[in-house]
Amino acid sequence: AGPAGRPGSAVSPRAAVVLAEVIKAFGAPENAQRMDEARDNACNDMGKMLQFLLPVATQIQQDVIKAYGFSSDGEGVLKFARLIKSYESQDPEIASMSGKLKAMFLPPMTVPPHAAGTGGVATS
């Protein structure tokens with residue numbers, strides 16, 4: 001059996017597939033270029049990152065996930081993000097891919113040492 005056949009990944013092979021496709025889309029030369037341009041425009045300014053980078057990242061995700069039945073708008077991307085988040089704790093592969101995806105469009109945050117342990121625990 002391939003990777004999809006191992007125990008634990010039955011959670012949602014589809015979520016993993018869509019996530020892998022989204023990551024692949026970010027790696028496509030034209031999308032990588034769009035992201036680089038947005039990053040240059042943002043100049044590592046957090047506010048500008050959200051202004052320039054997020055819309056491009058959202059657009060790239062929309063183009064991929066609409067083929068999997070998500071609506072091709074901001075709501076679809078949010079639903080997709082929530083779906084992935086819900087599987088992160090159950091599937092290490094999805095958690096790893098999700099981290100990879102976030103690293104593509106979120107600036108590396110410099111976290112002050114004292115803040116590192118707070119706010120990371122989701123209690124829902």
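The values are calculated or read from the model by the stated rules, or taken from the named source; none is laboratory data. Just so it is clear, the structure is predicted and the values come from calculations on it, not from any experiment. Using ideal geometry, Cβ is built from the backbone for each residue, glycine included, and neighbour counts are taken over all protein chains shown. All accessible areas refer to the heavy atoms of the entire protein, side chains included, with ligands and DNA or RNA removed. Shrake-Rupley method; radii C 1.70, N 1.55, O 1.52, S 1.80 Å.
Taking 25 Å as R0, compute the FRET efficiency from the Cβ-Cβ separation of Thr58 and Glu30 and round it to 0.05. Spell out each step's value before the answer.
Numbers: r = 16 Å, r/R0 = 0.64.
So the FRET efficiency works out to roughly 0.95.
Using θ = phi - 60° and the Karplus form 6.51 cos²θ - 1.76 cosθ + 1.60, what ³J(HN,Hα) does each residue of the range 75-87 get, whole Hz, x for Gly and Pro?
3J(HN,Hα) across the range 75-87, in whole Hz: 4, x, 5, 5, 4, 4, 4, 5, 4, 4, 4, 5, 9.
Each label point is 7 Å from the Cα along the Cα-to-Cβ direction; what then is the distance between the points at Ala67 and Arg14, in nm?
In this crude spin-label approximation the distance works out to 1.6 nm.
Could you give the semi-axes, largest first, of the ellipsoid that matches the range 13-105, computed as the square roots of 5 times the alpha carbon gyration tensor eigenvalues and rounded to whole Å?
Values: eigenvalues 99, 39, 31 Å².
Gyration-tensor ellipsoid for the range 13-105: 22, 14, 12 Å.
Mean separation of Cα pairs under 8 Å and 6+ residues apart, divided by the residue count of the range 13-105: what relative contact order is that in percent?
Worked out over the range 13-105, it gives 31 percent.
Would you mind getting the accessible area per residue of the range 13-105, heavy atoms of the protein chains only, 1.4 Å probe, in Å²?
Working: 5110 Å² over 93 residues.
Accessible area per residue: 55 Å².
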